């Protein structure tokens, strides 16, 4: 099962991070979705964790929905979690962190998680 962590998951149904949690958790592919939000315990009916350090599973995909100043602030957590790939959704791009992740062997993608899933490209290896 592909484990997807949503960094900056929200319980606000109008936020893209909520939509990503909802879409991926209901996908026929059967993803294991982990919402990450320090202030919310449950998002889309899923148990949320406060930080990346609270995730015990291997993260296949980390989908970023926090602004660059936040991802810079928690860059050590992101690097420590060593996901197989990181998707920087529109508006979350962080060139310095992206460079560090790439140097650490993590695949970095600038894309929209929602578009990737809806167009059946989320699991494509060549992205």
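No value in this document is a laboratory result; all are computed from the given coordinates. Since we're looking at a predicted model, the values are computed, not measured.
Antiparallel DSSP bridges in the chain: what percent, to the nearest 5? Provide the component values of the computation, followed by the final result.
Details: 2 of 20 bridges.
Once the DSSP bridges in the chain are tallied, antiparallel ones form about 10 percent.
With no solvent and one equal point scatterer placed on each C-alpha of the range 86-127, evaluate the Debye formula and give log10 I(q)/I(0) for q = 0.24, 0.28, 0.30 Å⁻¹, two decimals. Reported log10 I(q)/I(0), two decimals: -0.82, -0.98, -1.04. Largest GNM mean-square fluctuation among 28, 93, 110, using the chain with Cα springs under 10 Å: 28. The C-alpha atoms of the chain occupy a region whose extents along the principal axes are 35, 33, 27 Å, arranged from largest to smallest. Build a GNM of the chain with springs between Cα atoms under 10 Å apart, and of 83, 38, 95 the one that fluctuates most is 95. Given in Å, the Rg to one decimal and the Dmax to the nearest whole number for the Cα atoms of the range 1-55 are 10.1, 29.
Could you work out [θ]222 nm for the chain from helices alone, using -39500 (n - 2.57) per DSSP H run of at least four and dividing by all its residues? Round to the nearest 500 deg cm²/dmol. After summing the helix terms and dividing by the residues of the chain, the value is -8000 deg cm²/dmol.
Tell me, how many Å apart are the Cα centres for the range 1-35 and for the range 50-127? A separation of 14 Å, based on Cα centres.
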